[in-house]
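Peer 1: Below is the structure I would like to discuss, written out as structure tokens.
No value in this document is a laboratory result; all are computed from the given coordinates. Everything numeric here is computed off the predicted structure, so don't read it as measured data. Backbone-built Cβ (ideal geometry, glycine too); neighbour counts: all protein chains shown.
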Amino acid sequence: MIPLPLIDGRTLARVITYLNKHTEDDASDEAKRKFDEEFLYGMEVGVLYDAALAANYLDIGGLFHEVCQRIADGMMNKSVEWVRKTFHIESEFTSEEEVQIKKEYAWAWEGVDSNAD
Amino acid sequence: MADWSTLPAELLNLVSQQLPSSTDVLRFRSVCSTWRAAVPPPPTTASFPILPNSGISDTSWGFYLSKRTIYSLQSPLTNHSSWIIKLERDNPSRMHLLNPLARSQFRPLPNNFPKLFNFFNLRVKELGEEYALQYINFRPTANSIGEAGNLYMEKVAVSNNLGNGEGRFYAVDNTGRVVLVNSLDLNVSLVANSIFGGDKKFLVDSDGELLLVDMYLSVGPADDLGFNEGFEFYEEFDCFMSERTVKFKVFRLDENMGKWVELTDLGDRLLFLGDNCTFSARASEIFCDDRCRGNCIFFTDQYCNRDDDGLWKSRGVGVFDLESGSIGPIGNHVGYSKMFWPPPDWVCSTASIEMRIDEILLVTKVTSDVVGITRSLVLYRHLHICGGWAESTEYLTFKVLEIREINS
């Protein structure tokens, strides 16, 4: 018996389900892709977190990439506030840092002065 | 309880690499400090080297590739349609706002356009990219940097998002034949056969699917100008007998057969055909007006305008409706015409913003009123939505909480 202290039973079961599906001899690429879609897109945020860490810890490249892709897809085009709320993150930036960060979002125009070229 | 802010850096890095646009990476880095530390900032300028002029032209000192990005901007607070812009950021402190479909700049910018525009609070989506070859002349005049015409290169539709990885892009010729070019070894493989048909072909990446748009041109008098064959006809012959777009056909790729299959309904999709770029968007994401539906193609064409001075031609944007086959300048359609220019109200105005008194912080001038005690202040109102500053021209009554001298 090999103890895995960092992963709980439920997550491990999920990882094993994934591995089983992906090592099946007669599973086509299409079937695997379909499985991945249902498997990953049905996961809640908390479960994704466990799955990501588990895949990293167990060094399962395929699952690790898939989970990261899933997280990225979920965040795409969403605002910073939404991300913080959904992933339960508290931002500890100081107000100076916040100003610095907001500067990255600034666009400076040419031609705002009426006599500029 | 999952603490996402403590995820290992390599995981955060991998997630950020899967984000489709640099705007998403920018947002990722703004979430919290561990995320910020794990991911490097996206490059602000495209670092293309300057190509030296090696015998191509007598007047050019060199060439460089200018990268422009097309964005759709939306204010989350108001129920307005998106504003689609094209931004050239070769010099981060001097950006240019360009017409998304044509090569020109929008000038002049409205008087109350903010000098510094901050999109932190906006819904921003990158719709596409454009690369334009520009020449640099020997004589350093104001016009010494200009767009190199089509003399030096073939038109190529470059797409990074069609799932083919680095260094490969699609190219279409004017018969509709499409090849996949591997820029590393210049290997060319056929993807789809010719379809002939119309006069000009465009490739568009629409939600990861490669579409071919076939543009049909025709030469002849426009029906809507109401010309009569008289003196005017010959005087303004050039305008009347011009080449114009009459219709489009859209095709999607059947990869197995290597053939183009006609698509008669785009559904919610809008296709945009620019002079140097193509992109697509979903009508449901851009418009909040039900009258503006998808299944349309936006393109540029020469349009005849008539005013008191006579008839003149200019390059404008046209709309083609796939369902009805109707085609015409964008100005004829109330909902569509506001997509590009002028900028929507929320960019410049402050009318729709709720201001709390203590938010008015920036005071730049204090001038004494001739009459006596009262002082008039020139206030710059903070544009809450886009983070710019614009001069306040409205009459305000407010209670002064504090007057502070700010040295800046």
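Peer 1: Would you please give the FRET efficiency between A:Glu38 and B:Asp254, computed as 1/(1 + (r/R0)^6) with r the Cβ-Cβ distance and R0 = 30 Å, to the nearest 0.05? Show your work: numbers first, answer last.
Peer 2: Values: r = 27 Å, r/R0 = 0.90.
Here the calculated transfer efficiency is 0.65.
Peer 1: Could I ask something else about it? Using a cut-off of 28 Å between alpha-carbon atoms, which lysines can reach A:Lys32, once sequence neighbours fewer than 8 places away in the same chain are excluded?
Peer 2: A:Lys21, B:Lys259
Peer 1: What does the structure give for B:14-23 when I average, per residue, the other chain Cβ atoms found within 10 Å of the residue Cβ?
Peer 2: Values: counts 9, 10, 4, 3, 9, 6, 4, 2, 0, 3.
What the average comes to for B:14-23 is 5.
Peer 1: Step through the table entries A:Lys34/B:Lys125; A:Lys103/B:Lys115; A:Lys78/B:Lys67; A:Lys103/B:Lys338, compare each Cα-Cα distance with 18 Å, and write down the pairs that go over it. Could the numbers behind the result be given before it?
Peer 2: Numbers: A:Lys34/B:Lys125 28 Å; A:Lys103/B:Lys115 13 Å; A:Lys78/B:Lys67 25 Å; A:Lys103/B:Lys338 28 Å.
Cα-Cα > 18 Å for A:Lys34/B:Lys125; A:Lys78/B:Lys67; A:Lys103/B:Lys338; rest within.
Peer 1: Let me ask another. Along Cα→Cβ, 7 Å out, is where each label goes; now give me the distance between the ones at B:Asn193 and B:Ala37 in nm to one decimal.
Peer 2: If labels sit at B:Asn193 and B:Ala37, their model points lie 6.0 nm apart.
Peer 1: For region B:245-291 and region B:189-203, write down the distance between their C-alpha centroids in whole Å.
Peer 2: Computed from Cα coordinates, the inter-centre distance equals 15 Å.
Peer 1: Using a Förster distance of 35 Å, how high is the FRET efficiency between B:Ala9 and B:Asp290, based on the Cβ-Cβ distance and rounded to 0.05? Intermediate values should be presented prior to the final figure.
Peer 2: Working: r = 46 Å, r/R0 = 1.32.
Computed FRET efficiency for B:Ala9 and B:Asp290: 0.15.
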